[in-house]
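The values are calculated or read from the model by the stated rules, or taken from the named source; none is laboratory data. Bear in mind that the values here come from a model prediction, so they are computed numbers and not experimental data. Glycine gets a Cβ as well: all are built from the backbone with ideal geometry, and neighbour counts include every protein chain shown. For accessibility, only protein heavy atoms count, side chains too; no ligands or nucleic acids. Shrake-Rupley method; radii C 1.70, N 1.55, O 1.52, S 1.80 Å.
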Amino acid sequence: MPVNPKLQPVTLPMKLKFGQKPTTEFRNNIDAIGVELIDHPTRQQACDLAWHFVKATWADKPDIDPVDFDDKTLSKNLEDVFGGRTLPAPMECLGFTFRLSGISFQDVTHILRHRAATFAAQCTGDRDLRDDGAVVPESVENSPEFHARWLKIVEDAKQLYADMSDSKKVSMMDARIILPKCMDTFYYMRMPLKDLIGFIYQRLDSQIQTSSDNVIAAKMAVEICKVIPEFTSVIDFDKPDMHYIKTFRVKDGDKWVSRGTNLYWPIPKNDKFEFHPQDSIYQCTREELNGTHGVGPQKKFTEAWKKCVSQFNEIKARHEEWKNS
């Protein structure tokens, strides 16, 4: 069909920013992380569903109504489901939707590996990114000579992005490729509880995963526990990272090799084997890599981690007190 300038133009869903100067808010990559549980079954729904699915196996008739049983009995059954002491089917029926914000595009590559999840992303193709923020790890913030270069590279890349977009000779689709992975974004992520447990435990691994992964997973676990306290029976923040332990040093014939990601020395909960100082890429723990002017271990991660553990412990203690009342 021909172009018709007499038609009323459509209203575009995005804001056009041609000619505007880019702005960037830089935030610490741990402080920036937001984890919100925006859709989930209620505790009662989870208990009822688990009861129907577990008890149906031995029922003579389909009338095993959970209203006929007290709350603690239903709660115990739900914990049995979580603990693998029943068929796992109920966990496949309990879906949770999170909004993850303030995450870098490096973090995005990690969550997208979990194929059991359904995602909705903040667009980068036809939405102008010149005002998007960026995140900076604490170790970089504690390295003035690197930090200044980090900020400059981001700002220069965004200015080039804006210049190319403003030329209207380079599409935003092409211009965006210049932007660094430290640009922040948000994602919606929905996953069945059965797969969420695997996701959380994989990303809680503090030896192989990044500190931002650890905080995302810890916050997700806490959010689930807030609405379904029985979930505290699943999570153990002190659980050793067995993949790291099993793959750090492996005997292969007459020599020792690594089968995993040997970035750092083991932290106390994983210090269960003998190792040579040169077995890892860095001769220290992850948190000791705190920049050229950092003093002591990384504080941002430690604070965020301790807050999550404290919230978890409070929920667990209240639930245990209720069970024993």
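Computed from the C-alpha gyration tensor, the three semi-axes of the ellipsoid equivalent to the stretch 85-158 are 36, 18, 9 Å, from longest to shortest. Across all directions, the average projected area of the convex hull around the alpha carbons of the stretch 243-325 is 8.1 nm². In terms of the mean number of neighbouring beta-carbon atoms within 10 Å, the peptides 268-281, 183-196, 72-85 order highest first as 183-196, 72-85, 268-281.
Once neighbouring chains are kept in place and the probe is 1.4 Å, which whole percent of the accessible area of the stretch 235-290 is contributed by carbon and sulfur? Could you put the intermediate results ahead of the total?
Details: 1810 of 3580 Å².
Roughly 51 percent of what the probe reaches on the stretch 235-290 is carbon or sulfur.
Using the 1.4 Å probe convention, the accessible area of the stretch 1-123 works out to 63 Å² per residue with neighbouring protein chains retained. Distance distribution P(r), the stretch 115-173, all Cα-Cα pairs, bin width 5 angstrom from 0: 4, 15, 20, 16, 14, 14, 12, 6, 0 percent.
Residues whose amide H comes within less than 5 Å of that of F186, counting only those at least five positions distant or on another chain, are Q122 (H built at 1.01 Å from N in the peptide plane). Neighbours of I235, meaning other residues whose beta-carbon lies under 13 angstrom from its beta-carbon, give a summed charge of 0 when Lys and Arg score +1 and Asp and Glu score -1.
Rolled with a 1.4 Å probe across the full set of protein chains, the surface gives W322 an accessible area near 80 Å².
Karplus-based coupling profile of the stretch 275-283, in residue order and whole Hz: 8, 8, x, 8, 5, 10, 4, 10, 8, with θ = phi - 60° in 6.51 cos²θ - 1.76 cosθ + 1.60 and x standing for Gly or Pro. Per-residue accessible area (protein heavy atoms, 1.4 Å probe) orders R130, R318, R286 as R318, R286, R130, starting from the largest.
Which is farthest toward the positive dipole end of the stretch 261-320 among S280, N270, P297, measuring Cα position about the Cα centre, with Cβ charges +1 (Lys, Arg) and -1 (Asp, Glu)? Of the options given, the answer is P297. Relative to one another, the C-alpha centroids of the stretch 256-290 and the stretch 23-45 are positioned 31 Å apart. Of all lysines in the structure, those lying under 21 Å Cα to Cα from K76, and not within fewer than 8 positions of it along the same chain, are K55, K194, K226, K316, K323. Structural descriptor for the chain: relative contact order 22 percent, calculated from alpha carbon pairs under 8 angstrom and at least 6 residues apart.
Over the stretch 205-259, Cα pairs under 8 Å with separation of 6+ residues give a relative contact order of 26 percent. Principal axis extents of the C-alpha atoms in the stretch 1-155 (largest first, rounded to whole Å): 71, 58, 24. Ignoring lysines fewer than eight residues from K17 along the same chain, the ones with Cα atoms less than 26 angstrom from its Cα are K6, K152, K158, K168, K169, K181.
If Rh is defined by the Kirkwood formula over all Cα pairs and Rg also comes from Cα, what ratio Rg/Rh do you get for the chain? Don't skip to the end; give the middle numbers.
Working: Rg = 24.4 Å, Rh = 23.0 Å.
Result: Rg/Rh = 1.06.
For the stretch 43-114, which whole-number percentage of the solvent-accessible area (1.4 Å probe, protein heavy atoms only) is attributable to carbon and sulfur atoms? Please list the in-between numbers first.
Details: 2050 of 3670 Å².
Looking at the stretch 43-114 in its full context, I get 56 percent from C and S.
Working from Cα pairs under 8 Å separated by at least six residues, relative contact order for the stretch 79-235 is 38 percent. The translational diffusion coefficient of the stretch 184-325, from Stokes-Einstein at 37 °C and 0.692 mPa s with a Kirkwood hydrodynamic radius over alpha carbon pairs, comes to 193 µm²/s.
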